[in-house]
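Single-structure report; data block below.
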Amino acid sequence: PETCHVFEAHLRRAARELPPFGRFLETCQGREKVQESTMGTNWILVCAWCLAMATNCRSQPDDDGLPPMYDPEVKVSFNAMSSESNVMSEKDKWKENRWMVAFKTGVKDGTVEKFCLEAEGIGTTTSRFGGTCTKIVAGKTALGGSFAVFEPHSWEDLERVRENMKHVVSYIERDMLAVSEASAAVAQSLPSSELYWGLDRVDQNQLPLDRWFRSHQTGKGVHIYVLDSGVRASHNEFRGRIRDGIDFVDDDDDPADEYGHGTHISGIAAGKTFGVAKEALIHPVRVLGPDGAGAWSGIIRGIGWVLENHQQPAIATLSLGGSRSHSVNSAVEALVDANITVVVASGNSDADSCMFSPASVTDVITVGSTNKRDERSSFSNWGKCVDIFAPGEKIASAWYRSDEDRMTSSGTSMSCPYVVGAAALFLETNPESTPAEVLDALLDGATKNIIQKDTIKDSPNYLLNVAKVQCTEVEDCVMSSWSAWSSCPERTCGDRERFRSRSVWRHPQCGGEECGSLVEKESCEAGPTCPEGAQATQEITGEFPYMWNKITFTPSYDNAYNVCVSKMAQFVDSPSKLRDDGAEQMLLNRKERRQVDLQEHGLPSFLFYGKEYTKFWVGADGFVTFDSKDDGTTLAGSIGTHFKHARISALFTNLEPNLDNHGQVFWNALPSRSDAERLVITWHRLKDSCSWRFCSGSNTFQITMHFRGARKGHVDVSYGEVSHPNRPVVVGLSSGNDDPQTVYPIDFGELNGECESSSGQDTSDTVPHATNG
């Protein structure tokens, strides 16, 4: 029997041979009686399962053969719930649109995968059901057969699943969170916003992020002493959890925050939304003034107050630092001697952390910063005094101006409180542990050797992972089924491969079985031979060779471009005329990128390395990226940075676009937006560098991207006057999938050839094919 409906039907058919149904259930309740019968042990499981299901089956009848709907939170049948129903409790809203679709025993995995593809409209012209499968667990599972976690777009879409899949679906049930009454475990669904990426990162071994934060504890009963700029006690992030503190700036007992830093790091450590230890207690010790600075003497006073007044289990955190100080280090060592776990920031000087206090104290936990790519942040201190790394770039948390205020900030100050929160999780269930034992637990749970080794220098390669901190249950990795193999590429030169992929739906916890590979590949029949030595990127140092030249990149394969360098007397599209003809102004400062959404402006997509892109980002430093705005990168143009994204580099270096109103960046669709054939981005008279007295240099250049006609996918990079910046300049293309060690730049001008211009008069050097990967 596959459902209790079927089971009851079997009972009815065998009525003469079996006891009445009530007596039969009574028999099932006695395990010994069943074992003594001739039913066999498999029937024991059937009895127990049917007992568990019988009540729900009767209360939610099978209408017209539809699979039953179980909704234990709402307590009503699916058919009785209107699309306007809103009876979910506040604490359970995270799961209000997640449903487990359980397939009957024996249903093939391919049927489940097909259901998910049809739900999203993959391989079909329209979505059959309207929704997204967020998880597929295939094969024989605890539910009997395979199941999928489905998020419908509407109640009607879920009803269509019941109707159209009733021959293979056993039942549908709301995806609930199961917790024991003795547990304070946290399972927090995170929005897609990048604001939460740091919290998302610290509970899993590997990227990509899964948009969840899970921990087995909440830090309840642990006291965190925040030696910083104070805390806004009334902020919604920690309302009701602020305990006694002190102010050594104003010398009173009101450590209110007038700078924001202390509130921000407290939110990362213990905020109810942004924090790791969501029930820990916070003691603000104000030692930094409204300018974010404080004397060592005041900080030492703050340390003394913690020594005198702390309650165990205790953590002290110092997201501050300065030149190495014996006095400060001695004071911090006293905290450790008092069995207070001390967590400090390594510093933001891109230097050896052993040169700074309190980062150099031996027995504290010193924390460095990483970015979204699991690299050491460019500003983070490093070295043997660093114990562990945690996210520290563009971290959102509470701010001091109002009770709902928040702010995004970067620094090892942001990395430090993630580790503070993790220590609080451990101390909740290990309150008598020593600081050394806390560190051992964090390092034991940390992800090893995941930070890119060429970025950490002499630091240990440990990235914070709270998942294993005081684990309660071992969980193996759960992965989706493999996708179908991709088609072999047809429009590429050189070696060809096809791929298949799968996703991680649950990362391993507490030493569970690790996830396998996410991508597999196999070779296809090779394509035409790619030309040797011809590449689409050049790194230039010294005098710039392409003033009053145009470099044209013409796609010949999906992974290769023809490159032609031709002389020009003037720009085809005059920068001054474009600026005066209603150009879209773009950039305000060197670090800013601005997105251009082609669809919003009624423009067609752009073909680049065989892919159609509908949006891109323009960087002030002379480049365009297609898959990312390349946010946060300190851009002194380099080959390594160029190849990290799908990119057109025109004059990729460190420019100053708009200081003292010098220089502009703008774009135009030509000949007009209604019938645009090309888009021209102009960097007009940008400076090389600026001091407080004046700016030097001048650079004018353009990228022209062609949308339609015979020149679809062509890229023209044109140069007027170009200064000679005292730094490398990168020119060329990147697909974003290349290895800069194998795609090494070459001087376009060293390759002989001739390119016919539109006028038939320009001479040029030609690269027969330029390949990227």
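The values are calculated or read from the model by the stated rules, or taken from the named source; none is laboratory data. From a predicted model like this one, the values you see are computed outputs, not experimental measurements. Cβ sites come from the backbone with ideal geometry, for glycine too, and all protein chains shown count toward neighbours. To get the accessible areas, we keep the full protein, side chains included, count just its heavy atoms, and leave off ligands, DNA and RNA. Shrake-Rupley method; radii C 1.70, N 1.55, O 1.52, S 1.80 Å.
The figures follow:
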read-out: Highest average packing first - 601-610, 480-489, Cβ atoms within 10 Å; value: 601-610, 480-489
read-out: For segment 550-629: accessible area per residue (Å², 1.4 Å); value: 44 Å²
read-out: Unsatisfied cross-links (Cα-Cα over 22 Å) in the set 220/384; 453/615; 611/712; value: 220/384; 453/615
read-out: Whole-Hz ³J(HN,Hα) from phi, Karplus 6.51 cos²θ - 1.76 cosθ + 1.60, for segment 427-442, glycine and proline x; value: 5, 4, 9, 9, x, 9, 5, 7, x, 5, 5, 4, 4, 4, 5, 5
read-out: Solvent-accessible ranking of 432, 118, 677, largest area first, probe 1.4 Å; value: 432, 677, 118
read-out: Whole-Å distance, taken between Cα centres, linking segment 233-281 and segment 368-387; value: 26 Å
read-out: Hydrodynamic radius (Kirkwood) for segment 240-337, which is based on Cα pairs only, to one decimal in Å; value: 14.0 Å
read-out: Extreme residue, positive dipole direction of segment 477-583, given options 557, 517, 542 (C-beta unit charges); value: 557
read-out: Per-residue HN-Hα couplings for segment 382-391 [Karplus 6.51, -1.76, 1.60; θ = phi - 60°; Hz; x = Gly/Pro]; value: 9, x, 6, 7, 7, 9, 7, 10, 8, x
read-out: Value in Å of the Kirkwood radius, where segment 360-442 supplies the Cα pairs that are averaged; value: 13.9 Å
read-out: Residue-by-residue Karplus 3J(HN,Hα) for segment 540-550, coefficients 6.51, -1.76, 1.60, Hz, glycine and proline x; value: 10, 10, x, 5, 7, x, 10, 4, 6, 10, 10
read-out: Percent carbon-and-sulfur accessible area, segment 306-437, ignoring ligands, DNA and RNA, probe 1.4 Å; value: 45 percent
read-out: Portion, in percent, of the accessible area of segment 478-562 that falls on carbon or sulfur, probe 1.4 Å; value: 44 percent
read-out: As computed over segment 457-519, the Cα convex hull volume per residue (Å³); value: 144 Å³
read-out: Solvent exposure, largest accessible area first (probe 1.4 Å, DNA, RNA and ligands not counted), of 399, 99; value: 399, 99
read-out: Residue order for 505, 617 - accessible surface, 1.4 angstrom probe, largest first; value: 505, 617
read-out: Antiparallel bridge percentage (DSSP; both residues within segment 362-484; nearest 5); value: 60 percent
